[in-house]
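What follows is one structure encoded as structure tokens, with my remarks underneath.
The values are calculated or read from the model by the stated rules, or taken from the named source; none is laboratory data. Small disclaimer: the values here were computed from a predicted structure and weren't measured. Every residue, glycine among them, receives a Cβ derived from its backbone with ideal geometry; neighbour counts consider all protein chains shown.
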């Protein structure tokens, strides 16, 4: 039996209004892949900047291992703790309130900054395509964020139906590009052996490979967002592991195809700095059809990602309000659309503000930092989960194999990624961590007094072992 | 152990807390941008001779650069803008200490709060 947490409370005519259970595995896939697929259209290629083209491939696979561990661990915990807020609800039941508060902030920051990156990408892509002097990306950014927030405000089913369609189109465009350039032959269109040579494959040596981990995260960042839909899927125990694992397989294939085509079409120095590697790849094939297809796909991928990010960030924020970790005003559910509308509206100006003051790789780095902090938590969280409730003591929707190997792999790769961020972006990491520390002190010594103690534990589980 | 009853928070208090969080978010994200702490630590290794050969580009690479609209002069700052991976040990140690200190505080303080939650949930029945 998988039990879901108490749903949110807004009373209308005496009835309790909660989030609506309308989603299936395809929506879970669309939410996860929709958020992440934009990483193939921009962001992953900055790993080539940090370590060279071969480093980008190496981290594609190693970081793929990190995310496979994330997906395995997450599927087990989420299929057992199925509540809006995803990892937040996990932390609340397994580690404690302060950790839950931090995890929710990791989620909100990771997704909001990812949304910002998406909006910047979309605006820059349109401006680059238009080629009109004096045209800036600001109006496109604002329109993207506001329209998608409105879509999220209006309902989760419509939001994720839209995501499913546009994610599928963007994904198919990568497959079309891959098969259009005759990937089985070199020299005709692809020139991998002339662009990635023994002299330039690892221009910084192995330290460049480690440094490349930072943006390697971008290949897959956000797949864990599938858990945010836990209270809105019809069958969490089935849909969440199925949708998440299917999403991960989809992304591994897309990442490998993307690297192969892009590294075979442009020098690593250019690949490392362009904002639109796949669109550029389309241009470099010489086919106007492919160029236009990849242009449209870049926009769709950015839209799908921003759309999913608004959905996830709002649910994490909503969960904080529901448990009174933040003012309970945020926990309202729209009486008609059944969405966490106040959280959606609250995060809107924050996303807009940062879309105007940050550039693309800064916004991406903010998002990655929060993501890696969250993955560090997840590696420790699963250890504690198995220790407090060993197998057999509670019914799990899914039990991941080889425990504790995935947790150890995840933890080690997080440590490597911290070092990678230190190589070039260390000050930003220290500043963010100090922020999380200070806001944690505020929560622990002040805000927590407004929180009901026992009410936070909503799962019908036995007392954890060791307590 | 008596069941903990949290104080009711006034509307003004709720607004104040929202303001604190908003300010903290902006300081955390905006300050590094303002202080120039965000972004990649790269610098240009300038070359005197700005030719494709001097920039380490073979004929295939050069033809792609040209297709993308670059000349050796305009590509120079792109190609020569490099990371310089020198490990600054004091900064690395500070970063490690900040991260470890943060996580230690997080887990210890969470555990203290969690014990109260478990006690109230399971021991008061």
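Here residue B:84 meets each of (1) within 8 Å of chain A (Cβ to nearest Cβ); (2) in contact with a strand residue (DSSP E or B) (Cβ under 9 Å, 6 or more places away or on another chain) with one exception, condition (1). Please verify whether residue B:113 is facing chain A (nearest Cβ under 7 Å), touching a helix residue (DSSP H, G or I) at 6+ places or on another chain (Cβ under 8 Å), surrounded by 15 or more Cβ atoms within 10 Å (Cβ to Cβ) and without any contact (Cβ under 8 Å) to a residue 40 or more places away in the chain, treating the condition exactly as stated. Yes: the conditions hold for residue B:113.
Filter the stretch A:441-464 down to the residues that are in contact with a helix residue (DSSP H, G or I) (Cβ under 6 Å, 6 or more places away or on another chain) and facing another protein chain (nearest Cβ under 7 Å), then identify the one that is nearest to residue A:320 (Cα to Cα). If we take residues in the stretch A:441-464 being in contact with a helix residue (DSSP H, G or I) (Cβ under 6 Å, 6 or more places away or on another chain) and facing another protein chain (nearest Cβ under 7 Å), then A:456 is nearest to residue A:320 (Cα to Cα).
Here residue B:4 clears all of (1) under 18 Å from the mean Cα position of the chain (by Cα); (2) closer than 30 Å to residue A:443 by Cα except the condition numbered (1).
Results for (1) without any contact (Cβ under 8 Å) to a residue 24 or more places away in the chain; (2) within 30 Å of residue B:85 (Cα to Cα), shown as yes or no for each residue.
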| site | (1), (2) |
| --- | --- |
| A:378 | no, yes |
| A:398 | no, no |
| A:409 | no, yes |
| A:413 | no, yes |
| A:416 | no, yes |
| A:427 | yes, yes |
| A:441 | yes, no |
| A:452 | no, no |
| A:460 | no, no |
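Taken over the stretch A:331-349, the criterion of being buried (at least 23 other Cβ atoms within 10 Å of the Cβ) and assigned to a helix (DSSP H, G or I) is satisfied by A:343, A:344, A:347. Filtering A:278, A:265, A:294, A:221 for residues that are under 29 Å from residue B:59 (Cβ atoms), assigned to a loop (DSSP other than H, G, I, E, B), touching a residue at least 40 places away in the same chain (Cβ under 8 Å) and in contact with a helix residue (DSSP H, G or I) (Cβ under 6 Å, 6 or more places away or on another chain) leaves a single hit, A:265. Could you identify the single residue in A:406, A:390 that is at pLDDT 90 or above and either out of contact with any helix residue (DSSP H, G or I) (no Cβ under 6 Å at 6 or more places or on another chain) or within 12 Å of chain B (Cβ to nearest Cβ) (or both)? Result of the check over A:406, A:390: A:390.
Here residue A:399 does not qualify as over 19 Å from residue B:111 (Cβ atoms) and over 26 Å from the mean Cα position of the chain (by Cα).
Just to be sure before I move on: is residue B:59 within 7 Å of another protein chain (Cβ to nearest Cβ), more than 29 Å from the chain's Cα centre (by Cα), surrounded by fewer than 13 Cβ atoms within 10 Å (Cβ to Cβ) and at pLDDT 90 or above in the structure I sent? In short, no. Looking across the stretch A:193-209, just one residue is surrounded by fewer than 19 Cβ atoms within 10 Å (Cβ to Cβ), touching a helix residue (DSSP H, G or I) at 6+ places or on another chain (Cβ under 6 Å) and outside any loop (DSSP other than H, G, I, E, B), and that is A:194. Evaluating residue A:362 against the criteria (1) within 11 Å of chain B (Cβ to nearest Cβ); (2) assigned to a helix (DSSP H, G or I); (3) modelled with pLDDT of 90 or more; (4) touching a helix residue (DSSP H, G or I) at 6+ places or on another chain (Cβ under 7 Å) leaves one unmet condition, (3). Select from the stretch B:5-46 the residues that are part of a loop (DSSP other than H, G, I, E, B), modelled with pLDDT of 90 or more and either at the interface with chain A (Cβ under 7 Å from one of its Cβ atoms) or within 30 Å of residue A:272 (Cβ to Cβ) (or both) and list them in ascending order. B:6, B:7, B:45, B:46, listed by residue number.
Quick check, is residue A:106 in a helix (DSSP H, G or I), over 21 Å from residue A:36 (Cβ atoms) and in contact (Cβ under 8 Å) with a residue 60 or more places away in the chain? In short, no.
Among the residues of the stretch A:326-347, those that are more than 11 Å from residue A:152 (Cα to Cα) and within 21 Å of the chain's Cα centre (by Cα) comprise A:346, A:347.
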